[in-house]
Structure formats: structure tokens, C-alpha cells
Amino acid sequence: MMPTLQAFLTGALVAVFVAQVATVDQAVNPQLDDEIKLAPTNYDKVTKLLPNDTDWIYDFTTNKFYNFAPGGVSNANAATFPAMTGLGMTLAILNLGPCSMLPPHYHPRATNVVVAIEGTTHTYMINENGVPMIDEVLTPMKMTIFPQGSMHMMYNMGELKFQ
């Protein structure tokens, strides 16, 4: 990696601790999330708290951050999709416009799974002390995971097209 990129990433990672800039998902049903966490068995979770087949489907297009102009991040997680409560994961649909970036951030309570639908996205991840930085490029139908607590960022490698 070029020293200038290393310096940029280091500075960006420090900045994320000083000022958190991220999409904040609000719980759609905090009481249901609490009840799911306390359910004594999976049977109780399914039959009493999430009994409808529709409780098990998530529609990304209903997420308030779902948009394609200029872009957004839509998360399916415990806050937005109660069926995921207790699973410790987030599935993200990421839409970054050309040359745009999702700033460095982390998820303290969940592993983040990201699937590329189209385009080319450069990803960086720093896990814990001593673990080498992961530097990968996502292309359509490729995925990556960012383990719980890992610092990561992404940017769209596409070009702006001026008219």
C-alpha cells in the first residue's frame, strides 16, 4: 500500500472516533426486540413473537436509507428487521455513487455482511491490534464480511460522468 493511502486511512480512522458519522438505524419495534431477547426458546420466538410468514421477510426498499440518488446504505439488522434480533449480524445493501465513500466506521454489536450488486467497490478493514489490514475490491455478486468491532470503509471506484 502506498504511504499516502496509509496516512489517509490512519487519519480517517482517528477521525471516526472523534466524530461518528454513520447511518443510524432506529428500532422499528423496540418492545418486540426486547421480548425476542428474553424468549426462553426459539419455539417461543417463532410461535409467539414472530408468528406470521411475513415476519421473516425483509424488504430493503422500505428502509428509509434506501435510495439511488446519490446513494445510501440500507441495513437489515435487529433494529430494522426484528427477526434478526440476537443473531449478531447486519446485511447491508450499499449504493455508493461514482467516486463516493462510506467513511470509516465500525459495528460494536454485529458482524456486517456486504454484497456487491453492481459496480466496483474498494474495501478496507482493520480488525484488531496486530492483524494486517484487509484491502479488497468487490465486484458484482461478490461479498465480504466485516467482523464485529472491526473498523472498515468503502469507496466506489466508478468515474463521475460529466454531461
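All of the numbers you see were taken from the coordinates with simple rules; none came from a lab. Bear in mind that the values here come from a model prediction, so they are computed numbers and not experimental data. Note: ideal-geometry Cβ built from the backbone for every residue, glycine included; neighbour counts use all protein chains shown.
Quick look at the numbers
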quantity	calculated
Some residue of region 113-133 being small (Gly, Ala, Ser), under 21 Å from residue 66 (Cβ atoms) and surrounded by fewer than 18 Cβ atoms within 10 Å (Cβ to Cβ)	yes
Residues that are assigned to a strand (DSSP E or B) and without any contact (Cβ under 8 Å) to a residue 24 or more places away in the chain, drawn from region 132-163	134, 136, 137
Wholly enclosed strands (runs of 3 or more DSSP E) of region 46-131 bearing at least 3 residues of a type outside the set (A, V, I, L, M, F, W, C) and closer than 22 Å to residue 33 by Cα	none
Residues of region 76-108 satisfying the condition of being surrounded by 15 or more Cβ atoms within 10 Å (Cβ to Cβ), within 14 Å of the chain's Cα centre (by Cα) and not aliphatic (A, V, I, L, M)	77, 80, 81, 90, 95, 103, 104, 105, 106, 107
Identity of the residue in region 35-47, loosely packed, with under 12 Cβ neighbours inside 10 Å and without any contact (Cβ under 8 Å) to a residue 12 or more places away in the chain, that ends up farthest from residue 87 (Cα to Cα)	47
